[in-house]
Amino acid sequence: MPYQTDDDDVLGLCNIYAQQTHHFEAFILGNRKGLLELRNAIDKALETGCSTSTLFPSDYEGYDVYVALVDEEQRFEKLTTP
């Protein structure tokens with residue numbers, strides 16, 4: 001799939017690389033549109049509690065990102081570590 005130059009046609013490209021193990025780094029890499037879409041999803045989750053965004057990794061197969069606000073430390077501690 002060729003990269004589009006018209007802003008309306010550019011895909012929100014974003015690769016999210018999780019930690020491989022504890023204390024390792026994580027990476028979020030994307031083009032401007034992809035990072036803005038991820039930021040918008042985060043902003044919406046901060047306002048409403050949750051949101052989703054459809055992004056595209058480097059293989060152009062879309063995936064959904066789910067963002068949720070967990071504002072209670074005790075609830076956050078109970079989450080399974082990825």
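Read-outs throughout are calculated quantities, based only on the coordinates presented, and are distinct from any laboratory measurement. Given the structure is predicted, the values throughout are model-derived calculations rather than measurements. Cβ atoms come from the backbone with ideal geometry, glycine included; neighbour counts cover every protein chain shown.
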Handout entry: Signed unit charges on C-beta, dipole axis of the chain, positive-most listed residue Ala26, Thr54, Gly12
Key = Ala26
Completion exercise
With +1 on the Cβ of every Lys and Arg and -1 on the Cβ of every Asp and Glu, the dipole magnitude of the chain about its Cα centre, in debye rounded to the nearest 20, is 180 debye
Exercise for the section: Return the loop-located chymotrypsin sites (Phe, Trp or Tyr not before Pro) in segment 49-82 (DSSP other than H, G, I, E, B) with at most 10 other Cβ atoms within 10 Å of their own Cβ; answer none if there are none. Expected result: Tyr60
Handout entry: Residue range of the chain that is longest and free of GluC sites (Glu not before Pro) which are both DSSP loop and sparsely packed (at most 16 other C-beta within 10 Å)
Key = 26-60
Exercise for the section: Quote to one decimal, in nm, the extra length available between Val10 and Tyr63 on full extension: 0.36 nm per residue of separation minus the C-alpha distance between them. Expected result: 17.5 nm
Exercise for the section: Starting from 0 in steps of 10 Å, tell me what percent of the Cα-Cα pairs of the chain lands in each bin. Expected result: 16, 39, 33, 9, 2
